[in-house]
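A.B. asks: Below: one structure in structure tokens.
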Ligand code: GYE
């Protein structure tokens, strides 16, 4: 009898110890400072995907500067566009028991395992910028741009310019990334039936990789004859492409070029006559994401999907707006 009781006691004590050492409460539960958590209570992990573009640089700056202003402790890393680096950065943040993770995923697929680990550790994850294909119950929310809408907006520019049809090239972003997938999908969904995409290649969202891709395009297709326009998935690749076009003797305005982002470089390309439209994609997501992270810590309800309000910019007022651009 005595022995039996002792066993029960042991089980109860072990269970209590396990519960105490088992890490944080599940994601649905609030932090211990709730409901009065302040930014200064927050350790936020941002495993940035890389530094491939001016958009990305501005996005990083937004997270770093806002953390500084609000007193958030930020754990930042740069995965150099490699998913495996992002995954190990995430694991390290889980181990450090951060309060909230913001994940800008380099590609859409392959996040289930690590998101499950975060969930089991009770650390909420906000997917930032690009989307993931993982089940929605593995993360708290997604804050970013509507990439498909951006592609549709680009298509609308081509439709206006070429109501009777044209042949166009596409310089696409990182293969498998939510940004490239969404933009390509939206572009194809809205393009009028007479406009044909004759080729599409990736420049991985960088200037350096876009340049040889554009050179290869120019070896294969004669500008103005074989194609009349190019849809470019971001301004940095556009700038790389312009280098190749210049070297091949193409002049601004010879081709109808639409890009995405609305960076200063993109505005300059409009001023110089190279881009005929630039579809806005806003990287300044820091303030919004930290606000949501604080709500999560305080156990408040949040939106599961927050899409950034954006527009399209044109050469007509590019020179006037350029000095006001923040990135
Ligand atoms: O358009 C591009 C960057 O994911 C929206 O990534 C982002 C894209 C952006 O490299 O410049």
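A.B. asks: Only one of these conditions is not met by residue 241: (1) over 20 Å from residue 200 (Cα atoms); (2) within 16 Å of the ligand (Cβ to nearest atom). Which number is it?
C.D. replies: Here residue 241 meets the rest and fails (1).
A.B. asks: Give the number of residues within region 82-107 that are out of contact with any helix residue (DSSP H, G or I) (no Cβ under 6 Å at 6 or more places or on another chain), within 16 Å of the ligand (Cβ to nearest atom) and closer than 29 Å to residue 33 by Cβ.
C.D. replies: Going through region 82-107 one residue at a time, the tally reaches 4.
A.B. asks: Can you tell me which residues in region 60-81 are more than 17 Å from residue 43 (Cβ to Cβ) and more than 16 Å from the ligand (Cβ to nearest atom)?
C.D. replies: 65
A.B. asks: Just checking, how many residues over region 108-132 are closer than 23 Å to residue 288 by Cβ and within 16 Å of the ligand (Cβ to nearest atom)?
C.D. replies: Of the residues in region 108-132, 9 are closer than 23 Å to residue 288 by Cβ and within 16 Å of the ligand (Cβ to nearest atom).
A.B. asks: Read through the list (1) away from the ligand (no atom under 16 Å from the Cβ); (2) surrounded by fewer than 21 Cβ atoms within 10 Å (Cβ to Cβ); (3) touching a residue at least 24 places away in the same chain (Cβ under 8 Å), then give the number of the only condition that residue 57 fails.
C.D. replies: (1)
A.B. asks: Any residue in region 256-269 that is within 13 Å of the ligand (Cβ to nearest atom) and more than 23 Å from residue 187 (Cα to Cα)?
C.D. replies: Yes - at least one qualifying residue is present in region 256-269.
A.B. asks: Now, a different point. Scan region 176-195 residue by residue and report those that are under 21 Å from the mean Cα position of the chain (by Cα) and not in a helix (DSSP H, G or I).
C.D. replies: Listed by number, the residues that qualify are 176, 177.
A.B. asks: So, residue 195, is that one within 16 Å of the ligand (Cβ to nearest atom) and touching a residue at least 24 places away in the same chain (Cβ under 8 Å) or not?
C.D. replies: So residue 195 fails the test.
A.B. asks: Does at least one position in region 290-305 carry a residue that is within 16 Å of the chain's Cα centre (by Cα), within 24 Å of residue 146 (Cα to Cα) and within 14 Å of the ligand (Cβ to nearest atom)?
C.D. replies: No, that holds for no residue.
Matching residues to (1) assigned by TED's automatic domain parsing to the domain that holds residue 44; (2) modelled with pLDDT under 95; (3) in a loop (DSSP other than H, G, I, E, B):
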| site | (1), (2), (3) |
| --- | --- |
| 288 | yes, no, no |
| 292 | yes, no, no |
| 295 | yes, no, no |
| 303 | yes, no, yes |
| 316 | no, no, no |
| 323 | no, no, no |
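A.B. asks: For residue 181, indicate whether it is at pLDDT 95 or above, under 18 Å from residue 145 (Cβ atoms) and crowded, with 17+ Cβ neighbours inside 10 Å.
C.D. replies: Considered against the rule, which asks whether it is at pLDDT 95 or above, under 18 Å from residue 145 (Cβ atoms) and crowded, with 17+ Cβ neighbours inside 10 Å, residue 181 comes out as yes.
A.B. asks: Residues that are buried (at least 24 other Cβ atoms within 10 Å of the Cβ) and in the same structural domain as residue 209 (by TED's automatic domain parsing): list the strands (runs of 3 or more DSSP E) wholly contained in region 60-175 that include at least 3 such residues.
C.D. replies: 166-172
The values are calculated or read from the model by the stated rules, or taken from the named source; none is laboratory data. Nothing here was measured: the structure is a model prediction, and the numbers come from that model. So basically every Cβ, Gly included, is an ideal-geometry build from the backbone, and we count neighbours across all protein chains shown.
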